[in-house]
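The structure under discussion appears below in the form of structure tokens.
The values are calculated or read from the model by the stated rules, or taken from the named source; none is laboratory data. Only a predicted model underlies this, so the values are computations on that prediction, with no experimental measurement involved. Because the Cβ atoms are built from the backbone with ideal geometry, glycine has one as well, and the counts that use them run over all protein chains shown.
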Amino acid sequence: MKILILGGRFGGLQTAYDLRRYLKNKADIKIIEKNRYIYFRPALPHVGIGLERAEDLRIDLAQVLPDRGIGYIQGTVTKIDPERSLVEYSREGSGGYKEKYDFLVIALGAHLASELIAGFDKYGSSVCEADLAENMWKKLRDFKGGNITLGSAKFIQDTKNRPTNTPDRYAPIADSACEGPVFEMSIMLYDYFKARNMLDKVKMTVYSPGEYLSDLSRTSRSTVAAMYKGMNIELVDNFVVKEVTEKEVISEDGRRLPSDISFILPPYTGQKLVKDAGLGDDVGFVLTGTDMKSVKYDNVYAVGDVNALIVPKMAFLAVKTARIVAANIANRLGMSIPVEVYDPKIVCVADSPYGNYAVAVTDSTFYGGNVSEAIPSPANHLKKTLFTRYFLWSKGDLAMDKYLTSW
């Protein structure tokens with residue numbers, strides 16, 4: 001029995017770990033991931049302000065996975081053929097490699113389409129990947145004052161082809177794929193500049209392609225707006241960024257914001273190879289039900305950001321879907337594993353290490369629930385620090401995550 005997992009970040013890695021725990025030696029489990037090293041992405045903003053080194057936040061898959069009895073191929077997936085249960089991939093620029101599977105788990109994440117924003121490569125900043133976070137710090141450490149903008153690009157989402165056999169409220173339409181990193185960087189930078197007595201030299205503006213933090217309750221949004229007012233941070237809604245220059249960010253409707261450092265969460269869209277395989281919607285997100293199984297192929301599953309059901313795109317939901325998929329596959333192979341019900345909520349921690357606090361957010365209102373918490377405290381800063389170390393110590397095995405989120 002061969003289980004093939006495409007992608008080795010939060011969702012793919014957790015699926016592999018759980019399956020190995022459940023199945024012992026009853027299946028061949030293998031991950032194809034293009035990068036040998038994966039990073040704890042929630043801590044990359046700390047790299048962006050110079051408090052962490054990217055190399056201290058990474059896991060070596062080539063070493064870790066074989067030690068756990070999981071196969072690893074460093075390669076780039078080029079084609080999925082679900083009719084033949086076959087995946088094609090390339091290695092070091094040469095193609096022609098193929099892998100068969102009995103079960104396939106797609107964990108390729110979303111495509112961060114920074115190429116859709118003119119000037120991003122030259123003038124844009126971000127912390128979505130390790131190299132971007134390092135470049136952010138290079139710009140920040142030489143910054144003497146001026147204008148900083150922070151915002152998310154428009155989420156590229158298929159609004160017509162929706163997940164089936166799923167409550168509509170579980171698959172919402174969103175303006176942004178996730179504005180958590182924007183909020184976190186805004187409070188991080190405020191306290192960074194405050195610690196350097198630079199607040200009078202910096203003008204910060206936060207913008208959103210819709211209403212800022214629209215995946216949170218109105219109460220939480222009002223609280224953030226008041227918080228920004230006290231910090232003298234300008235908030236601009238309905239600003240869909242299309243271009244960044246050396247001194248400005250420009251919206252689709254022609255508005256311009258002065259900007260010397262332009263922090264942008266790139267447009268999120270799906271994977272072309274998912275669309276080409278007939279597994280996804282029109283932009284390349286996999287269509288599944290709440291069991292995370294493809295609506296078209298019985299032996300194909302999708303976890304994390306690549307799944308059309310997962311909105312916003314966030315690590316908490318990636319790990320949750322991984323647990324669901326691993327349990328479902330294990331049960332189909334004769335195990336008896338309790339399967340979690342997919343009841344989504346937003347769980348994240350926006351950290352401000354220079355301020356010695358973090359805002360812990362738990363919110364289900366985006367999905368029709370009534371939970372809405374946003375709690376700032378020094379204890380939450382400590383929790384995020386400890387969670388980072390837990391991820392690195394466990395080599396990305398977040399088996400305790402469902403318990404730790406209730407701290």
Filter result for Thr321 (under 22 Å from Ile173 (Cβ atoms), touching a Leu at 6+ places or on another chain (Cβ under 7 Å) and at pLDDT 95 or above): no
Test: residue in the range 303-314 that is under 13 Å from Leu108 (Cβ atoms), at pLDDT 95 or above and among the polar types (S, T, N, Q): yes
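One line per residue, one yes/no per condition, for (1) modelled with pLDDT of 95 or more; (2) among the aliphatic types (A, V, I, L, M):
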position	(1), (2)
Val77	yes, yes
Gly96	no, no
Leu104	yes, yes
Leu112	yes, yes
Asp131	yes, no
Ile148	yes, yes
Gly151	yes, no
Pro181	yes, no
Condition met for Asp28 (under 21 Å from Phe387 (Cβ atoms), over 17 Å from the mean Cα position of the chain (by Cα) and at pLDDT 95 or above): no
Single condition Arg162 does not satisfy, out of (1) closer than 30 Å to Ala118 by Cβ; (2) under 21 Å from the mean Cα position of the chain (by Cα): (1)
Strands (runs of 3 or more DSSP E) (entirely within the range 217-257) containing at least 2 residues that are surrounded by 19 or more Cβ atoms within 10 Å (Cβ to Cβ): 241-244, 248-251
Pairs with Cβ under 9 Å, 6+ apart, first in the range 154-175 and of a type in the set (Lys, Arg), second at pLDDT below 90: Arg162/Asp168; Arg162/Ala171
Selection status of Val286, out of contact with any Phe, Trp or Tyr (no Cβ under 6 Å at 6 or more places or on another chain), over 30 Å from Arg141 (Cβ atoms), among the hydrophobic types (A, V, I, L, M, F, W, C) and crowded, with 22+ Cβ neighbours inside 10 Å: yes
